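The values are calculated or read from the model by the stated rules, or taken from the named source; none is laboratory data. This is a predicted model, so every value here is computed, not measured. Positions of Cβ are backbone-derived with ideal geometry, glycine not excepted, and every protein chain shown enters the neighbour counts. Note: areas computed on protein heavy atoms with side chains; ligands, DNA, RNA excluded. Shrake-Rupley method; radii C 1.70, N 1.55, O 1.52, S 1.80 Å.
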Amino acid sequence: MGRLDKKICIITGASSGIGATTARLFAQEGAKVALTDIKVEFGEQVSNDIGSSAKFFPHDVSMENDWQRVMQGVLSEYGRLDVLVNNAGILVSGTIESSTVDDFHRANSVMVDGVFLGCKYAIAEMKNTGGGSIINLSSIAAEIGQPHFLPYSAAKGAVRTISKSVAVHCQMHKYNIRCNSVLPGAIQTPMFDEVKNASRKYLPPELLKPSPAGRADPSAIANMILYLASDESSFVNGAEMVVDNALSIQ
Ligand SMILES: NC(=O)c1ccc[n+]([C@@H]2O[C@H](COP(=O)([O-])OP(=O)(O)OC[C@H]3O[C@@H](n4cnc5c(N)ncnc54)[C@H](O)[C@@H]3O)[C@@H](O)[C@H]2O)c1
């Protein structure tokens, strides 16, 4: 018996990194997984590798009509939704002085509008079918001052607070829908390579030394997402799960 047996799950940003690893893990644990992403070719490849328990949907999370189409597709394929992982994200670097308003809006459109829309459309379905679990990917960039990634960290801060508001809303309405955020530290994915490259632009060499906290494989985050998606975490709601090997508290 898998930890997600028969659960119907959507994972956004599932063509790469943490999303792709989570999709594989969910399928191993008995879930039916709808993978979504703007990177269609990679997403279809991950979905084909997983096999019959996965299906890929092209999806720009910043677009409301894309959410409507994906939700309809998932419901017509599987009949219900139990778990949503709002994982899609982009790195937008820049300080308060160098960032443009377009940079700021670009970060927000994917990571704030995307999470807002995902929660909204998931709740509309889950509340009619006995509940569910929503997991939103924030970042330790939402906890600490990140002068060189201002648009990104601002968006990730909003993800934390959206998650808590959704958790309390659903608890007050007795929807049996939990909503938690995950705050990863340094995880070895294509986005982390972008962080390293952007840091080289802003920081002097002496500040570019690898952190003693190291960096983890995406499975470190996928395992936390699995716990939050499963019924093992049934009393965990509105929590912020920091997974960073103590990086953010040093
Ligand atoms: N890697 C890290 O160190 C780290 C740390 C903290 C938080 N995170 C967060 O974890 C999540 C996953 O990141 P990752 O490291 O796996 O990055 P990644 O770049 O490997 O994957 C992100 C995925 O999101 C997709 N995406 C981007 N814009 C999209 C859009 N508009 N609609 C749909 N999909 C879109 C990309 O195509 C990509 O497949 C992100 O939200 C990221 O901010 C990552």
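Here are some notes:
- Scan of region 35-59 for residues that are charged (D, E, K, R) and farther than 17 Å from GLY17 by Cα, ordered by number: LYS55
- No other residue among ALA158, ALA167 is at negative phi, modelled with pLDDT of 95 or more and touching a Cys at 6+ places or on another chain (Cβ under 9 Å) apart from ALA167.
- Matching residues in region 60-89 - criterion: being in contact (Cβ under 8 Å) with a residue 60 or more places away in the chain, within 19 Å of THR22 (Cα to Cα) and touching a helix residue (DSSP H, G or I) at 6+ places or on another chain (Cβ under 8 Å): LEU81, ASP82, VAL83, LEU84, VAL85, ASN86, ASN87, ALA88, GLY89
- Each residue in region 212-234 was checked for being at pLDDT 95 or above and either more than 11 Å from the ligand (Cβ to nearest atom) or assigned to a helix (DSSP H, G or I) (or both), and 16 pass.
- Restricting region 1-33 to residues that are polar (S, T, N, Q) and not in a strand (DSSP E or B), the residue that is surrounded by the most Cβ atoms within 10 Å (Cβ to Cβ) is THR22.
- Yes/no for GLY132 being without any contact (Cβ under 8 Å) to a residue 60 or more places away in the chain, touching a strand residue (DSSP E or B) at 6+ places or on another chain (Cβ under 6 Å) and under 25 Å from GLN171 (Cα atoms): yes
- Close pairs (6 angstrom Cβ cut-off, 6 or more residues apart or separate chains): closer than 20 Å to ASN86 by Cα in region 146-157, part of a loop (DSSP other than H, G, I, E, B) anywhere: PRO151/VAL92; PRO151/SER99; TYR152/LEU91; TYR152/VAL92; SER153/GLN146; LYS156/SER138; LYS156/SER139
- Comparison of VAL195, VAL110 shows that the only residue that is at pLDDT below 95, near the ligand (Cβ under 9 Å from one of its atoms) and either open to solvent by less than 40 Å² (accessible area, probe 1.4 Å) or part of a helix (DSSP H, G or I) (or both) is VAL195.
- Looking only at region 91-104, and only at residues there that are within 16 Å of the ligand (Cβ to nearest atom) and without any contact (Cβ under 8 Å) to a residue 60 or more places away in the chain, the one that is farthest from THR189 (Cα to Cα): ASP102
- Scanning region 169-192 for residues that are of a type in the set (A, V, I, L, M, F, W, C), open to solvent by less than 80 Å² (accessible area, probe 1.4 Å) and part of a helix (DSSP H, G or I) gives CYS170, MET191, PHE192.
- Number of residues in region 34-72 that are outside any helix (DSSP H, G or I) and either among the aliphatic types (A, V, I, L, M) or open to solvent by 100 Å² or more (accessible area, probe 1.4 Å) (or both): the value is 8.
- Hits in region 121-147 - residues which are surrounded by fewer than 17 Cβ atoms within 10 Å (Cβ to Cβ) and over 19 Å from LEU226 (Cβ atoms): ALA124, LYS127, ASN128, THR129, GLY130, ILE144, GLY145, PRO147
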